Amino acid sequence: MSDLMIIHAKTDGSNTTGTFDLESDAFSNTPNYIRIPKGFKLKIWSMSVDGAACDVDIKVSRDGGTNYTTVRRIHLESADNLDIEKKSRPISIISSKSDNDYVQFAWIQSTAAETHITMIIEITDN
Amino acid sequence: MGNESVVDEMGFVREGKYLCLIVPAHEKILMFRVVQRKNKGFEKILYGPLPYSTGVVDGDSVFPSASDVWKIPAYVSTSGDRAEGLENLRADLLGDIFYIPVDMVDMLFDVHLKITPYFLRHVIFYPEGQIQSGFRDVAADYDKDFGFYNGDIRYVVLPNTHVAFRTYNDSNLNVYTNMIIEYANYKVQNVEDEAKAEEVLRKGNAKIETLPYIYKHERVETALSNYKLLPLDLLENARW
(Lines give C-alpha, C1' and ligand atoms only; values in the text may rest on other atoms or scores of the structure.)
Protein backbone atom coordinates (compact mmCIF):
# COMPACT_ATOMS: atom_id res chain seq x y z
CA MET A 1 0.00 0.00 0.00
CA SER A 2 1.18 3.50 -0.64
CA ASP A 3 0.45 7.20 -0.90
CA LEU A 4 1.15 9.24 -4.00
CA MET A 5 1.82 12.95 -3.61
CA ILE A 6 2.52 15.72 -6.07
CA ILE A 7 5.06 18.15 -4.69
CA HIS A 8 5.94 21.58 -5.99
CA ALA A 9 8.83 23.85 -5.02
CA LYS A 10 10.80 26.75 -6.46
CA THR A 11 14.12 28.47 -6.06
CA ASP A 12 14.04 31.78 -4.21
CA GLY A 13 15.38 33.70 -7.22
CA SER A 14 18.00 35.51 -5.19
CA ASN A 15 20.47 32.82 -4.07
CA THR A 16 22.52 30.56 -6.33
CA THR A 17 22.26 27.68 -3.87
CA GLY A 18 19.55 26.65 -1.48
CA THR A 19 17.16 24.01 -0.29
CA PHE A 20 13.67 23.77 -1.70
CA ASP A 21 10.65 24.40 0.53
CA LEU A 22 8.16 21.71 -0.43
CA GLU A 23 4.47 22.36 -1.05
CA SER A 24 1.70 19.90 -1.73
CA ASP A 25 -2.05 19.58 -1.43
CA ALA A 26 -1.34 16.41 0.57
CA PHE A 27 0.12 18.32 3.52
CA SER A 28 -0.29 21.73 5.07
CA ASN A 29 3.25 22.68 6.06
CA THR A 30 6.19 23.63 3.81
CA PRO A 31 9.11 21.54 5.06
CA ASN A 32 12.53 21.67 3.39
CA TYR A 33 13.01 17.94 3.82
CA ILE A 34 10.93 14.78 4.12
CA ARG A 35 11.48 12.36 6.93
CA ILE A 36 10.50 8.95 5.58
CA PRO A 37 8.39 6.98 8.04
CA LYS A 38 10.38 4.06 9.41
CA GLY A 39 9.93 0.92 7.34
CA PHE A 40 8.75 2.80 4.27
CA LYS A 41 10.40 3.79 1.00
CA LEU A 42 10.20 7.08 -0.77
CA LYS A 43 10.04 6.63 -4.52
CA ILE A 44 10.39 9.58 -6.85
CA TRP A 45 8.48 8.72 -10.01
CA SER A 46 9.01 11.89 -11.98
CA MET A 47 10.51 15.33 -11.79
CA SER A 48 9.86 18.37 -13.91
CA VAL A 49 12.34 21.26 -13.79
CA ASP A 50 10.98 24.44 -15.32
CA GLY A 51 12.59 27.87 -15.56
CA ALA A 52 16.17 29.12 -15.43
CA ALA A 53 19.21 26.86 -15.73
CA CYS A 54 19.51 24.81 -12.58
CA ASP A 55 20.97 21.67 -11.06
CA VAL A 56 18.60 19.88 -8.70
CA ASP A 57 20.25 17.54 -6.21
CA ILE A 58 18.34 14.75 -4.48
CA LYS A 59 20.08 14.41 -1.13
CA VAL A 60 19.74 11.79 1.58
CA SER A 61 20.63 12.01 5.24
CA ARG A 62 20.99 8.95 7.46
CA ASP A 63 21.70 10.92 10.63
CA GLY A 64 18.60 13.04 11.07
CA GLY A 65 19.63 15.88 8.77
CA THR A 66 23.13 16.65 10.01
CA ASN A 67 24.92 15.29 6.95
CA TYR A 68 23.51 14.82 3.47
CA THR A 69 24.77 12.78 0.53
CA THR A 70 23.72 13.60 -3.02
CA VAL A 71 22.24 10.51 -4.65
CA ARG A 72 21.06 12.01 -7.93
CA ARG A 73 21.58 15.25 -9.85
CA ILE A 74 19.16 16.53 -12.46
CA HIS A 75 20.65 19.10 -14.79
CA LEU A 76 18.72 21.77 -16.67
CA GLU A 77 21.32 23.24 -19.02
CA SER A 78 19.53 26.44 -19.97
CA ALA A 79 16.17 28.11 -19.48
CA ASP A 80 13.67 25.48 -20.52
CA ASN A 81 11.45 22.73 -19.24
CA LEU A 82 12.88 19.30 -18.45
CA ASP A 83 10.74 16.29 -17.64
CA ILE A 84 12.43 13.26 -16.12
CA GLU A 85 10.41 10.08 -16.01
CA LYS A 86 11.40 6.44 -16.42
CA LYS A 87 8.93 4.04 -17.86
CA SER A 88 7.58 1.76 -15.10
CA ARG A 89 10.37 2.46 -12.63
CA PRO A 90 11.10 5.34 -10.29
CA ILE A 91 13.98 7.74 -10.90
CA SER A 92 15.09 7.33 -7.30
CA ILE A 93 14.24 5.11 -4.30
CA ILE A 94 15.24 5.88 -0.74
CA SER A 95 14.48 3.36 2.01
CA SER A 96 13.98 4.20 5.64
CA LYS A 97 15.36 1.91 8.31
CA SER A 98 15.30 4.37 11.19
CA ASP A 99 13.77 7.64 12.31
CA ASN A 100 16.78 9.50 10.91
CA ASP A 101 16.32 8.99 7.18
CA TYR A 102 15.65 12.31 5.46
CA VAL A 103 15.37 13.39 1.84
CA GLN A 104 16.08 16.92 0.73
CA PHE A 105 16.09 18.72 -2.62
CA ALA A 106 18.68 21.41 -3.26
CA TRP A 107 19.36 23.79 -6.13
CA ILE A 108 22.62 25.02 -7.63
CA GLN A 109 22.57 27.82 -10.20
CA SER A 110 25.33 29.87 -11.84
CA THR A 111 22.99 32.86 -11.82
CA ALA A 112 20.18 33.13 -9.31
CA ALA A 113 16.81 32.98 -11.03
CA GLU A 114 13.43 31.40 -10.55
CA THR A 115 13.12 27.70 -11.33
CA HIS A 116 10.21 25.45 -10.41
CA ILE A 117 10.30 21.75 -9.73
CA THR A 118 7.32 19.43 -9.64
CA MET A 119 7.62 15.82 -8.48
CA ILE A 120 5.41 12.82 -8.11
CA ILE A 121 6.54 10.90 -5.07
CA GLU A 122 5.26 7.74 -3.46
CA ILE A 123 5.63 6.71 0.17
CA THR A 124 5.19 2.97 0.22
CA ASP A 125 5.91 -0.14 2.25
CA ASN A 126 6.73 -2.30 -0.74
CA MET B 1 -11.13 -12.17 0.89
CA GLY B 2 -12.09 -15.66 2.04
CA ASN B 3 -14.69 -18.19 1.03
CA GLU B 4 -17.00 -16.47 -1.47
CA SER B 5 -19.98 -18.48 -0.33
CA VAL B 6 -19.48 -17.11 3.19
CA VAL B 7 -18.37 -13.51 2.58
CA ASP B 8 -19.14 -11.00 -0.14
CA GLU B 9 -16.59 -8.99 -2.15
CA MET B 10 -16.14 -6.59 0.79
CA GLY B 11 -15.45 -9.39 3.24
CA PHE B 12 -18.78 -9.16 5.04
CA VAL B 13 -20.67 -12.29 6.04
CA ARG B 14 -23.56 -13.25 3.78
CA GLU B 15 -27.00 -13.67 5.29
CA GLY B 16 -27.49 -17.17 6.64
CA LYS B 17 -23.76 -17.72 7.11
CA TYR B 18 -21.74 -17.48 10.29
CA LEU B 19 -19.24 -15.20 11.97
CA CYS B 20 -16.72 -16.86 14.29
CA LEU B 21 -14.81 -14.49 16.53
CA ILE B 22 -11.68 -15.69 18.27
CA VAL B 23 -11.47 -13.98 21.66
CA PRO B 24 -7.79 -14.00 22.71
CA ALA B 25 -8.47 -12.63 26.20
CA HIS B 26 -10.49 -15.74 26.99
CA GLU B 27 -8.87 -18.24 24.60
CA LYS B 28 -12.40 -19.01 23.40
CA ILE B 29 -14.50 -18.44 20.35
CA LEU B 30 -17.83 -16.70 19.83
CA MET B 31 -20.08 -17.77 17.02
CA PHE B 32 -22.98 -15.92 15.46
CA ARG B 33 -25.36 -16.74 12.65
CA VAL B 34 -25.95 -13.67 10.52
CA VAL B 35 -29.71 -13.54 10.16
CA GLN B 36 -29.87 -10.25 8.28
CA ARG B 37 -27.64 -7.54 6.81
CA LYS B 38 -29.56 -4.38 7.56
CA ASN B 39 -27.52 -2.11 5.27
CA LYS B 40 -27.00 -4.54 2.42
CA GLY B 41 -26.15 -2.63 -0.75
CA PHE B 42 -25.17 0.59 0.98
CA GLU B 43 -22.15 -0.34 3.04
CA LYS B 44 -20.07 2.77 2.41
CA ILE B 45 -19.71 6.00 4.38
CA LEU B 46 -17.52 8.74 2.90
CA TYR B 47 -16.54 9.98 6.32
CA GLY B 48 -13.92 12.58 5.42
CA PRO B 49 -11.01 13.69 7.63
CA LEU B 50 -10.22 11.96 10.88
CA PRO B 51 -12.44 13.44 13.58
CA TYR B 52 -11.55 16.40 15.76
CA SER B 53 -10.02 19.72 14.78
CA THR B 54 -9.11 20.04 11.10
CA GLY B 55 -8.35 16.39 10.44
CA VAL B 56 -4.71 17.29 9.79
CA VAL B 57 -2.29 15.04 11.63
CA ASP B 58 0.87 17.04 12.16
CA GLY B 59 4.27 15.56 11.49
CA ASP B 60 5.92 13.73 14.36
CA SER B 61 2.78 14.09 16.44
CA VAL B 62 0.08 12.02 18.10
CA PHE B 63 -3.56 12.49 17.18
CA PRO B 64 -5.60 13.70 19.03
CA SER B 65 -2.88 13.69 21.74
CA ALA B 66 -0.61 11.31 23.61
CA SER B 67 -3.29 10.83 26.27
CA ASP B 68 -6.47 11.04 24.18
CA VAL B 69 -8.16 8.82 21.60
CA TRP B 70 -10.47 9.31 18.65
CA LYS B 71 -13.69 7.46 18.13
CA ILE B 72 -15.96 7.92 15.13
CA PRO B 73 -18.37 10.69 15.99
CA ALA B 74 -21.28 11.75 13.79
CA TYR B 75 -19.77 15.15 13.21
CA VAL B 76 -17.43 17.69 14.69
CA SER B 77 -18.83 21.15 15.13
CA THR B 78 -15.60 22.93 14.22
CA SER B 79 -15.46 21.47 10.73
CA GLY B 80 -17.87 21.41 7.83
CA ASP B 81 -16.41 18.55 5.85
CA ARG B 82 -17.86 15.61 7.74
CA ALA B 83 -20.26 13.01 6.37
CA GLU B 84 -23.48 14.90 5.75
CA GLY B 85 -26.52 13.59 7.54
CA LEU B 86 -24.92 11.67 10.38
CA GLU B 87 -25.89 14.56 12.64
CA ASN B 88 -29.44 13.19 12.49
CA LEU B 89 -28.48 10.13 14.55
CA ARG B 90 -29.94 9.70 18.02
CA ALA B 91 -28.22 11.86 20.59
CA ASP B 92 -26.55 8.94 22.40
CA LEU B 93 -24.83 7.83 19.16
CA LEU B 94 -23.40 11.19 18.12
CA GLY B 95 -20.10 10.57 19.89
CA ASP B 96 -19.60 7.10 18.41
CA ILE B 97 -21.73 6.15 15.43
CA PHE B 98 -20.99 2.41 15.81
CA TYR B 99 -21.85 2.18 19.49
CA ILE B 100 -24.36 -0.56 20.32
CA PRO B 101 -26.25 -0.33 23.62
CA VAL B 102 -25.59 -3.27 25.92
CA ASP B 103 -29.10 -4.71 25.67
CA MET B 104 -29.04 -4.96 21.87
CA VAL B 105 -27.48 -8.41 21.94
CA ASP B 106 -28.66 -9.35 18.46
CA MET B 107 -26.73 -6.58 16.74
CA LEU B 108 -23.09 -6.39 15.64
CA PHE B 109 -21.15 -4.07 13.36
CA ASP B 110 -18.45 -5.44 11.07
CA VAL B 111 -16.34 -2.38 10.31
CA HIS B 112 -13.60 -1.74 7.76
CA LEU B 113 -11.81 1.62 7.99
CA LYS B 114 -9.67 2.77 5.08
CA ILE B 115 -7.53 5.66 6.23
CA THR B 116 -5.12 7.73 4.18
CA PRO B 117 -2.26 8.52 4.24
CA TYR B 118 -1.46 4.87 4.52
CA PHE B 119 1.76 5.41 6.47
CA LEU B 120 -0.01 6.76 9.56
CA ARG B 121 0.12 4.38 12.51
CA HIS B 122 -3.06 3.59 14.42
CA VAL B 123 -3.26 1.78 17.74
CA ILE B 124 -6.59 0.35 18.82
CA PHE B 125 -8.43 0.63 22.11
CA TYR B 126 -11.03 -2.10 22.55
CA PRO B 127 -12.86 -0.61 24.32
CA GLU B 128 -11.90 3.03 24.91
CA GLY B 129 -9.70 2.90 27.99
CA GLN B 130 -7.96 -0.37 27.15
CA ILE B 131 -5.19 -0.40 24.56
CA GLN B 132 -4.99 -3.79 22.88
CA SER B 133 -1.91 -3.69 20.71
CA GLY B 134 1.37 -5.13 21.82
CA PHE B 135 4.00 -7.78 21.44
CA ARG B 136 3.71 -10.66 23.89
CA ASP B 137 3.53 -9.00 27.29
CA VAL B 138 4.67 -5.59 26.12
CA ALA B 139 1.81 -3.18 25.49
CA ALA B 140 2.40 -0.95 22.52
CA ASP B 141 1.31 2.63 22.14
CA TYR B 142 1.97 5.12 19.35
CA ASP B 143 5.67 5.38 20.19
CA LYS B 144 6.46 1.69 19.61
CA ASP B 145 7.54 0.10 16.34
CA PHE B 146 5.00 -2.71 16.62
CA GLY B 147 1.38 -3.26 17.48
CA PHE B 148 -0.18 -0.77 15.06
CA TYR B 149 -2.29 -0.73 11.91
CA ASN B 150 -1.47 1.09 8.69
CA GLY B 151 -4.33 2.17 6.45
CA ASP B 152 -6.80 -0.68 6.72
CA ILE B 153 -8.43 -1.54 10.03
CA ARG B 154 -11.05 -4.28 10.38
CA TYR B 155 -12.89 -5.09 13.55
CA VAL B 156 -16.22 -6.25 14.86
CA VAL B 157 -18.04 -4.06 17.36
CA LEU B 158 -19.69 -5.85 20.27
CA PRO B 159 -22.45 -4.15 22.27
CA ASN B 160 -21.39 -1.88 25.12
CA THR B 161 -18.03 -1.26 23.41
CA HIS B 162 -16.67 2.09 22.29
CA VAL B 163 -13.84 1.31 19.88
CA ALA B 164 -11.20 4.02 19.83
CA PHE B 165 -7.84 4.80 18.24
CA ARG B 166 -4.71 6.85 18.68
CA THR B 167 -2.81 7.85 15.57
CA TYR B 168 0.84 8.67 15.11
CA ASN B 169 2.51 10.40 12.19
CA ASP B 170 6.11 9.20 11.86
CA SER B 171 6.85 11.62 9.02
CA ASN B 172 7.43 15.38 9.29
CA LEU B 173 4.51 16.18 6.97
CA ASN B 174 1.34 17.75 8.39
CA VAL B 175 -0.91 15.49 6.37
CA TYR B 176 -4.54 15.86 5.40
CA THR B 177 -6.39 12.70 6.30
CA ASN B 178 -9.35 10.93 4.78
CA MET B 179 -11.39 7.98 5.95
CA ILE B 180 -13.75 5.78 3.97
CA ILE B 181 -15.80 3.35 6.02
CA GLU B 182 -17.34 0.11 4.86
CA TYR B 183 -19.54 -1.62 7.37
CA ALA B 184 -22.12 -4.33 7.77
CA ASN B 185 -24.91 -3.99 10.30
CA TYR B 186 -25.65 -7.58 11.26
CA LYS B 187 -28.69 -8.96 13.00
CA VAL B 188 -27.28 -12.08 14.65
CA GLN B 189 -28.14 -15.13 16.67
CA ASN B 190 -25.54 -16.45 19.06
CA VAL B 191 -24.66 -20.09 18.43
CA GLU B 192 -24.53 -21.78 21.81
CA ASP B 193 -24.36 -25.41 20.80
CA GLU B 194 -20.84 -26.81 20.48
CA ALA B 195 -21.83 -29.53 18.07
CA LYS B 196 -23.50 -27.01 15.79
CA ALA B 197 -20.50 -24.70 15.93
CA GLU B 198 -18.14 -27.58 15.17
CA GLU B 199 -20.26 -28.54 12.16
CA VAL B 200 -20.33 -24.94 10.86
CA LEU B 201 -16.57 -24.68 11.15
CA ARG B 202 -15.93 -28.09 9.63
CA LYS B 203 -18.07 -27.22 6.61
CA GLY B 204 -16.34 -23.87 6.16
CA ASN B 205 -19.53 -21.89 6.66
CA ALA B 206 -18.01 -19.24 8.93
CA LYS B 207 -15.88 -16.20 8.48
CA ILE B 208 -13.24 -16.53 11.19
CA GLU B 209 -11.83 -13.34 12.61
CA THR B 210 -9.87 -12.47 15.71
CA LEU B 211 -11.38 -9.86 17.99
CA PRO B 212 -8.79 -7.21 18.96
CA TYR B 213 -9.34 -8.09 22.58
CA ILE B 214 -6.22 -9.37 24.32
CA TYR B 215 -6.49 -7.49 27.60
CA LYS B 216 -9.78 -7.71 29.48
CA HIS B 217 -12.00 -4.72 30.23
CA GLU B 218 -15.23 -4.67 32.18
CA ARG B 219 -17.30 -3.16 29.35
CA VAL B 220 -16.42 -5.97 26.97
CA GLU B 221 -16.78 -8.54 29.72
CA THR B 222 -20.33 -7.29 30.27
CA ALA B 223 -21.04 -7.67 26.56
CA LEU B 224 -19.54 -11.15 26.46
CA SER B 225 -21.65 -12.22 29.45
CA ASN B 226 -24.67 -12.18 27.13
CA TYR B 227 -23.18 -14.81 24.82
CA LYS B 228 -21.93 -18.36 25.05
CA LEU B 229 -18.18 -18.61 24.70
CA LEU B 230 -17.14 -21.89 23.10
CA PRO B 231 -13.88 -23.84 23.32
CA LEU B 232 -11.05 -22.70 21.09
CA ASP B 233 -10.29 -26.25 20.05
CA LEU B 234 -13.45 -26.30 17.94
CA LEU B 235 -11.23 -24.62 15.38
CA GLU B 236 -9.13 -27.77 15.03
CA ASN B 237 -11.21 -29.14 12.17
CA ALA B 238 -12.24 -25.80 10.76
CA ARG B 239 -12.09 -25.10 7.04
CA TRP B 240 -10.63 -21.59 6.73
Checklist line | Hydrodynamic radius by Kirkwood, which averages 1/r over all alpha carbon pairs of chain B, in angstrom | finding: 18.6 Å
Next item on the list: Between A:LYS87, A:LYS38, A:LYS59, find the one with the highest GNM mean-square fluctuation for chain A; connect C-alpha pairs within less than 10 Å.
Entry: A:LYS87
Next item on the list: Using the Karplus curve 6.51 cos²θ - 1.76 cosθ + 1.60 with θ = phi - 60°, work out ³J(HN,Hα) for each residue of the stretch B:204-212 in order, rounded to whole Hz, and write x for Gly and Pro.
Entry: x, 9, 10, 7, 9, 9, 8, 6, x
Margin query: Of A:SER95, A:ILE121, A:GLY64, which is farthest towards the positive pole of chain A's charge dipole, taken about the Cα centre with +1 and -1 on the beta-carbons of Lys, Arg and Asp, Glu respectively?
Written below: A:SER95
Notebook entry, point to check: Say the dipole of the protein assembly as shown comes from +1 at the beta carbon of Lys and Arg and -1 at that of Asp and Glu; which of B:GLY55, B:VAL191, B:ASN88 then lies farthest toward its positive end?
Noted result: B:VAL191
Next item on the list: Mind listing, in residue-number order, the residues in the stretch A:7-47 that have at least 30 Å² less accessible area with every protein chain present than in their own chain alone (1.4 Å probe)?
Entry: A:ALA26, A:PHE27, A:SER28, A:ASN29, A:ARG35, A:PRO37, A:LYS38, A:PHE40
Checklist line | Per-q log10 I(q)/I(0), the stretch B:1-133, q = 0.17 Å⁻¹ (Debye; single scatterer per alpha-carbon; no solvent) | finding: -1.22
Note to self: Using Cα-Cα distances under 8 Å and only pairs 6 or more residues apart, what relative contact order does chain A have, in percent?
What the structure shows: 45 percent
Item checked: Accessible area per residue in Å² at 1.4 Å probe, computed on the stretch B:137-240 -> 44 Å²
Note to self: I'd like the projected area of the stretch B:167-212, averaged over all directions, using the convex hull of its alpha carbons. Report it in nm² with one decimal.
What the structure shows: 5.9 nm²
Next item on the list: Would you mind calculating the gained length between A:HIS116 and A:LYS86 on full extension (0.36 nm times residue separation, minus the Cα-Cα distance), in nm to one decimal?
Entry: 8.8 nm
Item checked: For the protein assembly as shown, diffusion coefficient by Stokes-Einstein and Kirkwood Rh (Cα), 25 °C, 0.890 mPa s, µm²/s -> 107 µm²/s
Checklist line | Surface share of carbon and sulfur [accessible, 1.4 angstrom probe, percent] for the stretch B:68-134 | finding: 52 percent
Note to self: I want to verify a result. In a Gaussian network model of chain B, Cα cutoff 10 Å, which of these has the top mean-square fluctuation: B:TYR75, B:TYR176, B:TYR99?
What the structure shows: B:TYR176
Checklist line | As computed over the stretch B:26-68, the Cα convex hull volume per residue (Å³) | finding: 173 Å³
Next item on the list: Pop a pseudo-label 7 angstrom from the Cα along the beta-carbon direction at both B:ASP68 and A:LEU4 and give the gap in nm to one decimal.
Entry: 3.5 nm
Margin query: Can you compute the charge dipole magnitude of the stretch B:101-240 about its Cα centre, using +1 on each Lys and Arg Cβ and -1 on each Asp and Glu Cβ, nothing else charged? Give it in debye, rounded to the nearest 20.
Written below: 320 debye
Item checked: Compactness relative to 2.2 N^0.38 Å, alpha carbon Rg of the stretch A:1-97 -> 1.11
Checklist line | Between B and A, accessible area buried - total, square angstrom, nearest 100, 1.4 angstrom probe | finding: 1600 Å²
Next item on the list: Skip the ligands, DNA and RNA, and give the accessible area per residue of the stretch B:1-93 with a 1.4 Å probe, whole Å².
Entry: 48 Å²
Next item on the list: Return one whole number: the accessible area per residue of the stretch A:1-64 in Å², for a 1.4 Å probe.
Entry: 40 Å²
Check: So for chain B, taking the charge dipole from beta-carbon charges (+1 Lys/Arg, -1 Asp/Glu), which of B:CYS20, B:LEU211, B:THR161 sits furthest toward the positive end?
Finding: B:CYS20
Check: Based on Cβ point charges of +1 for Lys and Arg and -1 for Asp and Glu, what charge dipole magnitude is obtained for the protein assembly as shown about its Cα centre, in debye rounded to the nearest 20?
Finding: 880 debye
Check: Where in the stretch B:170-197 does accessible area fall by at least 10 Å² between the isolated chain and the complete protein assembly, at a 1.4 Å probe radius?
Finding: B:ASP170, B:SER171, B:ASN172, B:LEU173, B:ASN174, B:VAL175, B:TYR176
Notebook entry, point to check: Can you give the FRET efficiency for B:ILE180 and A:THR70, using 1/(1 + (r/R0)^6), R0 = 51 Å, r = Cβ-Cβ distance, to the nearest 0.05?
Noted result: 0.80
Check: Using +1 on the beta carbon of Lys and Arg, -1 on that of Asp and Glu, and nothing else charged, what's the dipole of the stretch B:13-101 about the Cα centre, debye to 20?
Finding: 760 debye
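The values are calculated or read from the model by the stated rules, or taken from the named source; none is laboratory data. These numbers come from a predicted model, not from an experiment. Here Cβ is always computed from backbone atoms with ideal geometry, including for glycine, and neighbour counts include all displayed protein chains. Remember, those area values only see protein heavy atoms, side chains included, never the ligands or the DNA or RNA. Shrake-Rupley method; radii C 1.70, N 1.55, O 1.52, S 1.80 Å.
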